[in-house]
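The values are calculated or read from the model by the stated rules, or taken from the named source; none is laboratory data. Fair warning: this is a prediction, and the values are worked out from it, not measured in the lab. Here the Cβ is made from the backbone with ideal geometry for all residues, glycine too, and neighbour counts use every protein chain on show. The area values use the complete protein model at the heavy-atom level, side chains included, leaving out ligands, DNA and RNA. Shrake-Rupley method; radii C 1.70, N 1.55, O 1.52, S 1.80 Å.
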Amino acid sequence: SDRVTLEMQVGIIPVAADGDVWTLEANAPRHRAVAATRAELAAMLGLDEADVAPDSAAPPLWVDTGSEQLLIPLASTGAVARAAPRADLLQTHGSNETRAMAYVFAPSGPGAIDARFFFPKHGSVLEDPGTGSAGANLGGWLLATGAALPQQLSITQGDAVGRPCRLALEVTADRRISVSGRVVELGRGTVTL
């Protein structure tokens, strides 16, 4: 089928396909302030304080369009590339008391964003090559920070781990958020019960 609904803990998520490009429509976003300071976030990411965008221009926020995540705008794509989070500080400053994570991003050109998504596991920091839920939360961040609408952004993620991923984010004038990406089938099978 070219349309499915995902029944998730957060509710029903509609997903539509156009060839191998799948698009999900996110829930309306919620957001809240971050308790950590700019200096603490920079230390958590292994960066200098100047690498974290000033709060007044682009505040870090917890955003939830279905999965709450910490979004941290950085001052440059160079800072995105240099980010090397510390697992202990990610647990301290990047935790919502359920999970710890950080989605860092910076504009890479008109209508383009470079992003990385980090999370700790077994004392190490892992990186997700493509995070559609974080792309949706980026749409929520745009709404929370009063960005001009509509917005269409191309998100580059995964290059740092050798698994390039390209996502498309759209935030419409009526504040709807959708995220699209190509889906590559890895396997297929049948289960007989």
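Measuring max minus min along each principal axis, the C-alpha atoms of the stretch 121-163 give extents of 39, 21, 12 Å (largest first). In the assembled protein chains, Met8 presents an accessible area of approximately 100 Å² (probe radius 1.4 Å).
Over the chain, the hull volume per residue, using the convex hull of the C-alpha atoms, is 144 Å³. Considering only Leu41, Ser67, Leu186, and ranking their Cα positions along the charge dipole of the chain that arises from unit charges at the beta-carbon of Lys, Arg, Asp and Glu, the one farthest toward the positive end is Leu186.
If only the Cβ of Lys and Arg carry +1 and only the Cβ of Asp and Glu carry -1, the dipole of the stretch 1-140 around its Cα centre is close to 200 debye. In the stretch 53-136, Cα pairs under 8 Å separated by at least six residues give a relative contact order of 25 percent. Extension gain, Thr172 to Arg99, is 23.3 nm, computed as 0.36 nm per intervening residue step minus the present C-alpha separation. What is the projected area of the convex hull of the Cα atoms of the stretch 1-95, averaged over all directions, in nm²? One quarter of the hull surface, i.e. the mean projection, equals 8.0 nm². Placing unit charges on the Cβ atoms only, positive for Lys and Arg and negative for Asp and Glu, gives the stretch 83-141 a dipole magnitude near 40 debye about its Cα centre.
Of the residues Val80, Val4, the one with the largest accessible area comes first in the ranking Val4, Val80, computed with a 1.4 Å probe on protein heavy atoms. Axis of helix 132-144 versus longest Cα principal axis of the chain: the two differ by about 60°, to the nearest ten degrees.
This model, with +1 at the C-beta of Lys and Arg and -1 at the C-beta of Asp and Glu, gives the stretch 1-44 a dipole about its Cα centre of some 380 debye. Here the alpha carbons of the stretch 95-193 define both size measures, Rg and Dmax, at 15.7, 52 Å.
Per atom type, the stretch 23-154 shows carbon and sulfur on 51% of its accessible surface, probed at 1.4 Å.
How many angstrom lie between the C-alpha centres of the stretch 147-193 and the stretch 1-57? Comparing the Cα centres of the stretch 147-193 and the stretch 1-57, I get a distance of 12 Å. In a DSSP loop and with at most 16 other Cβ atoms within 10 Å, the GluC sites (Glu not before Pro) in the stretch 97-193 are Glu97, Glu185.
Per residue, how many Å² of accessible area does the stretch 40-169 show with a 1.4 Å probe?
Result: 41 Å² per residue.
Note on the chain: helix-only mean residue ellipticity at 222 nm, from DSSP H runs of 4+ residues weighted -39500 (n - 2.57) and normalised by residue number, equals -5000 deg cm²/dmol. Considering only alpha-carbon pairs that sit under 8 angstrom and 6 or more positions apart, the relative contact order computed for the chain is 19 percent.
Would you please state the base-10 log of I(q)/I(0) at q = 0.16 1/Å for the stretch 44-153, with intensities from the Debye formula using one equal scatterer on every alpha carbon? The Debye formula, applied to the Cα set alone, gives -0.68.
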